[in-house]
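Report on one structure; see the data block that follows.
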Amino acid sequence: MKKHLFLAALAATSLLAGFSSCSSDDDNSNSNQVTDDNVVADDASALSLVNGVYSHWQPLSSSFSFIIELNSNKLTSFEGEENEPGPVNSRFEQEPTTWYQVKIFNHLLLGITQANEAIATIGNSLKAGKVSQAGYSAAVGKAKFLRGLAYLKLVQLWGEVPVYTEEGGSTTERQSIDKVFEQIVSDFTAAESLLKDYDGDPRIPSKQAAQGLLARTYLVWGDKPLSQAEVAAIANSQTDPAFSKDDAKLRKAVEYADKVINSGKLALDPEYNKLWGREYESNKRKTNEHLFTIAHDGDKKDAQGNHQTHCSWTFPFQNGENGQGFSQNHTEVSDDDLYDDWKAEQPNDKRLAETYFVELKNPADGLTYHYYSPVYTPVNGKGVDQSYENAENLEILQNSVDRIEIRYAEVLLIKAEALVQLGRNSEAAEPFNQLRTRAGIATVSAPTFEQIKREWDYEFTYEQFSVLNSYRWKDLIASVKKVSGYKHFPDDWKTSTGNTYTADQEAYFTKIHNHLVAKYNNVRGKHYRQPIPTGLKGEDLGISQNPGY
């Protein structure tokens, strides 16, 4: 089999060294190139070949947050010096050489290329009688599932991208938004037909996982992603484009959400706070909410342990209290107001205490630490593993929590949102209210679009949806500019903030202020797309650049 030149070029490069502990030792690319001399010999080797594609997903688990959450009003980053890639994304200053953009884009394309080669090779082995039809279905279904997911991430973040499969295509010529989505639907539909039903293990792609991602795909596509020309028209503007939708695609989102719901194989975990943590992951509770997850067993056992815990909880108990010193986490909640506003709106919401920590007892010393002005800002609670003894101190080193790509709650909210956009608000109440009932807050008879949007925040804050939802709703600039109302935005936070603050705390809140102001000043229409990055070694990939970069 002729190897793709694109894969050869990328695989030949040595990956760049990480810029910090969140991106160090996490970039071991295993291309697993396949030729006609290395044909799959049986069902087991077919599946093993496809499993190699996961090597390109594992390094990305936390990296997605460094674009999707930092490019929003919700998160800031103090990952090392201010010119490093976390803070650069936090301030909307990303460029084609910014590491997280380089890393994600290239690994997704490498995974696509590896999936292409696996699909072709396994197909040849089926024809040669070396692989059974069942083995082919399991392996190729998984490969197409992962390829469809990679294209979905690419089109959401970069818009028009090259489309190439085992049947051909260019690795440099960008295709229209519709062409990319057609490939995504083709891949997920094939996966739906080839894969088995969900069996309780979310690490294994299933028929229902493919259906759930088809529901997501049609919701994103149904909200008419901007074309390159539309982005170019607003690239230097601070005005959002008008929201628009495609009702036919929204009806398909409802259709596929219903397939998952009507299968009876998924359910909400009755305890929201048990969805995260090493001892709760991968459906160990047998509650069937995790629909598809990326497995992590720690740095020594996979391409990268899931640094999501590490990055949001870098120095768990060094906030200046109890004699433990002061250090800044790699990602930080942008302001107290994100917690305060939710607390004022829904004081009884059970999800609030899991999403934002304002105080926490350290199991190691028995002392309580506070995360709220004048000590700190609140901390992202979903980044803290609370599932085993002393996990708060140990998990930042082990990084072994699986990353949840899709859970059943999203399927319910996709259905509710699509119905509301279709004007069928009363029908949306049933799936919408399932989330509210679990959260312990009031149900509604017919949710509004604004209530739907807020529910995404309540249910999925810091779960890698923020900027993607802003792209869909065409409110990126308006949502980011909300920071002007945050506590630490006013100019009196530039320097000294009063005698109640230590020097470390003053420096910390000055950084918060500077990032909020930078977000407000820097966000532009061009940020509806990420910059097309360089290759992993800084080389030009030959793909035309997005407007404004």
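The values are calculated or read from the model by the stated rules, or taken from the named source; none is laboratory data. This is a predicted model, so every value here is computed, not measured. Positions of Cβ are backbone-derived with ideal geometry, glycine not excepted, and every protein chain shown enters the neighbour counts. Heads up: the accessible areas ignore ligands, DNA and RNA and are worked out on the full protein's heavy atoms, side chains in. Shrake-Rupley method; radii C 1.70, N 1.55, O 1.52, S 1.80 Å.
So, counting K/R as plus one and D/E as minus one, what does the shell of residues with Cβ under 11 Å around Ala364 add up to?
Net local charge, Ala364 excluded: -2.
Whole number in Å², please: accessible area per residue of the chain, 1.4 Å probe, ligands, DNA and RNA not counted.
Numbers: 19230 Å² over 549 residues.
Spelled out: the 1.4 Å probe surface of the chain, per residue, equals 35 Å².
With 5 Å bins from zero, work out the P(r) of region 434-475 over every alpha carbon pair and list the percent per bin.
5, 19, 30, 24, 13, 8, 0
With each pseudo-label sitting 7 Å past Cα toward Cβ, what's the Glu95-Lys286 distance in nm, one decimal?
The two pseudo-label positions are separated by 5.6 nm.
Give me the percent of the accessible area of region 341-432 that comes from carbon and sulfur atoms, probe 1.4 Å, all protein chains in place.
Accessible surface attributable to carbon and sulfur in region 341-432 totals 49 percent.
Which order do Glu395, Glu345 take by accessible area at a 1.4 Å probe, largest first?
The ordering from most to least exposed comes out as Glu345, Glu395.
So, taking all protein chains as they sit and a 1.4 Å probe, how much accessible area belongs to Tyr356, in Å² rounded to tens?
For Tyr356, the solvent-accessible surface is approximately 10 Å².
As I understand it, the value is the acute angle between the Cα axis of helix 408-421 and the longest principal axis of the Cα atoms of the chain; what does it come to in degrees, rounded to 10?
Helix 408-421 sits at roughly 90 degrees to that axis.
Using the reciprocal of the averaged 1/r over all distinct C-alpha pairs, how large is the Kirkwood radius of region 161-213 in Å?
The Cα-based Kirkwood calculation yields 12.3 Å.
Regarding region 53-147, what's the average projected area of the Cα-atom convex hull, expressed in nm²?
Details: hull surface 27.9 nm².
Projected area, direction-averaged: 7.0 nm².
Just to be sure I follow: if Rg is taken over the C-alpha atoms of region 446-549 and Rh is the Kirkwood radius over the same atoms, what is Rg/Rh?
Checking Rg against Rh, the ratio lands at 1.08.
Calculated FRET efficiency, Gln238 and Lys537, Cβ-Cβ r, R0 30 Å, to nearest 0.05? Before the final figure, lay out each step's value.
Working: r = 35 Å, r/R0 = 1.17.
E between Gln238 and Lys537, to the nearest 0.05, is 0.30.
Under the √(5λ) rule applied to the eigenvalues of the Cα gyration tensor, what semi-axes describe the equivalent ellipsoid of region 266-415? Give them in Å, descending.
Over the Cα atoms of region 266-415, the semi-axes work out to 26, 21, 13 Å.
Which net charge results when you count Lys and Arg as +1 and Asp and Glu as -1 among the other residues whose beta-carbon is under 12 Å from that of Ser77?
Values: positive: Lys74, Arg91, Lys511, Lys519; negative: Glu69, Glu79, Glu81, Glu82, Glu84, Glu93, Glu332.
In short, -3.
Using a 1.4 angstrom probe with every protein chain in place, what is the largest-first accessible-area order of Trp276, Trp342?
Details: Trp276 30, Trp342 5 Å².
Most to least solvent-accessible, the answer reads Trp276, Trp342.
When the solvent-accessible surface of protein heavy atoms is calculated with a 1.4 angstrom probe, in what order do Phe449, Phe432, Phe315 fall, highest first?
Per-residue accessible area, sorted high to low, gives Phe315, Phe449, Phe432.
Asn124 to Asn262: FRET efficiency via 1/(1 + (r/R0)^6), r the Cβ-Cβ distance, R0 30 Å, to the nearest 0.05?
For Asn124 and Asn262, the calculated efficiency is 0.20.
Could you tell me how many degrees, from 0 to 90 and to the nearest 10, lie between the Cα long axis of helix 503-522 and the main elongation axis, the longest principal axis, of the Cα atoms of the chain?
Its long axis makes an angle of about 50 degrees.
Counting only the backbone N, which residues of region 306-340 are under 12 Å from the spot 7 Å out from the Cα of Asp504 toward its beta-carbon?
Only 315-329 fall inside the zone, counting backbone N under 12 Å.
Determine the calculated [θ] at 222 nm for the chain from helices alone, applying -39500 (n - 2.57) to every DSSP H run no shorter than 4 residues and normalising by the residue count; nearest 500 deg cm²/dmol. Kindly include the intermediate steps, with their values, before the conclusion.
Working: 20 runs with 241 residues, N = 549.
Helix contribution divided over all residues of the chain: -13500 deg cm²/dmol.
What is the spread of the Cα atoms of region 118-206 along each of their three principal axes, largest first, in whole Å?
Its Cα atoms span 37, 33, 16 Å along the three principal axes.
Between Ser445 and Ser193, what FRET efficiency comes out of the Förster formula 1/(1 + (r/R0)^6) with R0 = 30 Å and r the beta carbon distance, rounded to 0.05?
Calculated value: 0.20.
Once you list every other residue whose beta carbon is under 10 Å from the beta carbon of Asn546, what net charge do they have if Lys and Arg are +1 and Asp and Glu are -1?
Here the charged neighbours net out to +2.
In degrees from 0 to 90, rounded to the nearest 10, what is the angle of the helix 99-127 Cα long axis to the longest principal axis of the chain?
Helix 99-127 sits at roughly 20 degrees to that axis.
State to the nearest 20 debye the size of the charge dipole of region 383-480 about its Cα centre, where the only charges are +1 on K and R beta carbons and -1 on D and E beta carbons.
Here region 383-480 has a charge dipole of around 500 debye.
Roughly what % of Cα-Cα distances in the chain sit above 29 Å, to the whole percent?
52 percent
How would you classify region 331-415 from its alpha-carbon gyration tensor, with a ≥ b ≥ c the square roots of the eigenvalues: rounded for a/c under 1.5, else prolate if a/b is greater than b/c, otherwise oblate?
Details: a/c = 2.07, a/b = 1.11, b/c = 1.86.
Cα axes put region 331-415 in the oblate bin.
With only Lys, Arg, Asp and Glu charged, each at its Cβ (+1 for the first two, -1 for the last two), find how big the charge dipole of the chain is about the Cα centre; round to the nearest 20 debye.
With Lys and Arg at +1 and Asp and Glu at -1, about 1340 debye.
Among Tyr388, Thr461, Val375, which residue has its Cα positioned farthest towards the positive end of the charge dipole of the chain, with +1 placed on the Cβ of Lys and Arg, -1 on the Cβ of Asp and Glu, and the dipole taken about the Cα centre?
Thr461
Which links in Lys196/Lys259; Lys103/Lys153; Lys350/Lys519; Lys259/Lys301; Lys259/Lys343 stretch past 25 Å when you go from one Cα to the other?
Distance filter (> 25 Å) returns Lys350/Lys519; Lys259/Lys301; Lys259/Lys343.
Carbon-plus-sulfur fraction of the accessible area of region 92-205, 1.4 Å probe, in percent?
On the way: 1600 of 3450 Å².
So the carbon and sulfur contribution to the accessible surface is 46 percent.
Place +1 on the Cβ of every Lys and Arg and -1 on the Cβ of every Asp and Glu in region 174-250, take the dipole about the Cα centre, and give the residue among Ala232, Ala209, Phe243 whose Cα lies farthest towards its positive end.
Ala232
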